[in-house]
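FYI, it's all coordinate maths here, none of it is from the lab. As the structure is a computational prediction, the values presented were derived from the model and not from experiment. For neighbour counting, all protein chains shown are included, and Cβ atoms are generated from backbone atoms with ideal geometry for every residue, glycine included.
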Amino acid sequence: MATTLSITSSAAEDDVDGPAPGDRKKRQRSLGDDEGAVASTASPANVGLAFASISTDDFKFDPAIAAQVLAGELEWVFPRLPQNVRVVLVDPIGKVGGLVVAQLPETMTSRLLLASTFSMLEQGCSVVAVGGIKLLRSGGDRINIELHRAFGSGDELAGLLREAVKGKKAVEIGKPVIVHLGADHPITKSHGVTHLISVLGPNMNPSRLDDLKGDYAKGKLLLQNAYRAMFESFLRIVTDREADAGTSSADLLIANNKETSLRNANFQWDIPPYSAPSRTPPRLPGLSLHPYLAPSPAADYRVFVWFRTEEFVIIYDGYPKARYHALVIPANRSARSLRDLTSRDAEWVATMHRLGRAMAEKMHIKCQIGYHAVPSLTPLHLHVISRDLSSPRLTTKKHWNSFTHPDLFIPADYVEQQLTSDHGRVQLKALEELHEAELSSPKCYVCGLRPSGTLKDMLQTLRSHKCSRCDDDD
């Protein structure tokens with residue numbers, strides 16, 4: 001017999017800034033035999049995540065912006081999770097939940113449950129995740145109150161958290177603290193909770209330490225990293241549990257991503273001549289390239305599609321920073337940036353790089369092929385750009401540095417080497433360092449020349465100068 005879990009509560013509905021009652025996205029979810037009904041007592045063998053939104057309570061992060069970031073990270077994690085794994089967003093006062101659900105793709109809305117309390121007994125979740133180091137005191141913000149209410153006084157988990165962070169002068173933003181309770185722990189036995197994940201997010205509250213002073217460009221990146229750390233920690237718990245059951249984590253992720261053998265096995269593509277339009281493309285919603293990935297893009301976008309393969313969509317950059325500038329976008333992958341890639345992605349990423357090199361040959365000009373360490377658009381995309389960097393659209397330090405600074409423009413060859421290394425991840429500098437590099441004084445990426453004068457004069461000098469090292473490089 002199916003058990004029904006209400007994902008909205010009467011106490012929270014009045015505060016939810018989301019779709020109207022009756023809309024498909026404000027719903028009740030029935031958990032039937034296909035997913036397994038929620039047991040009356042959560043079993044440690046059942047993996048599920050109950051988490052609170054990060055930074056939107058004490059840290060005063062704008063709920064609408066936070067919801068946009070969270071929806072993007074849920075799009076990343078859902079394809080990597082088995083269908084029967086519960087993911088519950090605990091939203092006591094309805095600040096974020098409705099906004100998040102409204103931004104999820106239709107195919108994913110049914111995978112996110114909303115709840116107003118941390119009632120593990122009802123929700124069957126074995127992993128609890130919160131932003132910041134919670135449970136260290138009674139009272140506090142609403143999430144802290146709900147945690148104490150769910151676990152009695154909260155003293156048990158509070159003690160474990162204190163032990164986990166002992167000796168640390170500060171808990172770093174985006175670095176998860178993970179507490180494994182163990183099968184014999186009283187809370188595991190009584191509530192089925194086996195792990196606690198705590199991740200500190202960015203602060204927008206001027207009355208608290210480390211206030212970002214309204215810098216939402218930096219705040220969004222930090223919040224994205226915090227959610228990614230939370231979900232990656234949960235993924236490790238899920239895959240470890242599956243491995244214990246006889247399924248490897250690699251098999252699990254490949255199966256859930258529906259990855260098949262590579263097409264275009266001979267790596268031969270019919271690439272038409274390069275012919276970029278002169279007009280400016282329409283603004284992209286949510287800084288996302290997804291309008292180009294539609295099977296039949298709207299006319300204003302379609303004119304910028306250079307060509308397609310079964311796996312990739314290749315577009316002309318709408319704001320080119322050189323005479324030749326194109327982007328290769330994976331058509332059916334969930335990676336948002338280099339930080340999402342793992343060794344499991346190495347094969348299709350290598351195929352994308354081969355395509356990029358073939359495009360450069362078609363252009364008959366020397367090109368840089370690589371990625372931005374701090375991309376301005378999602379999803380992940382590869383830049384194929386001519387070395388001249390001559391464009392009326394290249395006008396700022398950030399524009400120049402993003403294609404020349406070794407920490408900001410990451411070559412395709414380096415990415416392949418990193419993904420096939422022992423650690424299997426692309427090693428990048430910390431975001432704070434990368435933001436500093438974006439605003440550093442422009443210089444030649446070959447010989448190191450750093451001209452003086454106005455920014456316009458500096459860029460003109462860099463484009464036109466020649467020296468022996470630069471001549472050799474050409």
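Just a few scattered comments:
- Environment charge of Gly174, counting only residues whose C-beta is closer than 13 Å and scoring Lys/Arg +1, Asp/Glu -1: 0
- Prolate/oblate/rounded call for region 259-440, Cα gyration tensor, a/c under 1.5 rounded: rounded
- Counted by Cβ distance under 15 Å from His381, the other residues give a net charge of +1, where Lys and Arg count +1 and Asp and Glu count -1.
- Counting neighbouring beta carbons within 10 Å and listing from fewest to most, the residues Asp58, Asp91 come out as Asp58, Asp91.
- Here each label is just a point 7 Å from Cα along the line to Cβ, and for Glu432 and Thr342 those points are 2.8 nm apart.
- Theoretical FRET efficiency, 1/(1+(r/R0)^6), r = Cβ-Cβ of Asp388 and His180, R0 51 Å, to 0.05: 0.40
- Cα gyration tensor, region 183-235 - rounded (a/c under 1.5), prolate or oblate: oblate
- The packing ranking, built from the mean of other Cβ atoms within 10 Å per residue, places the peptides 455-466, 226-237 in the order 226-237, 455-466, highest first.
- Coupling constants for region 49-56 follow from the phi torsions by the Karplus curve (6.51 cos²θ - 1.76 cosθ + 1.60, θ = phi - 60°), and in residue order they are 10, 10, 9, 9, 5, 8, 6, 8 Hz; glycine and proline get x.
- When each of Lys398/Lys456; Lys213/Lys456; Lys220/Lys321; Lys218/Lys443; Lys175/Lys397; Lys362/Lys429 is checked by Cα-Cα distance, pairs over 22 Å: Lys213/Lys456; Lys220/Lys321; Lys218/Lys443; Lys175/Lys397; Lys362/Lys429
- Distance between the pseudo-spin-label points of Ser296 and His364 (7 Å out from Cα toward the beta carbon): 3.6 nm.
- As a proxy for reagent exposure, ranking Cys125, Cys444 by other Cβ atoms within 10 Å from fewest up yields Cys444, Cys125.
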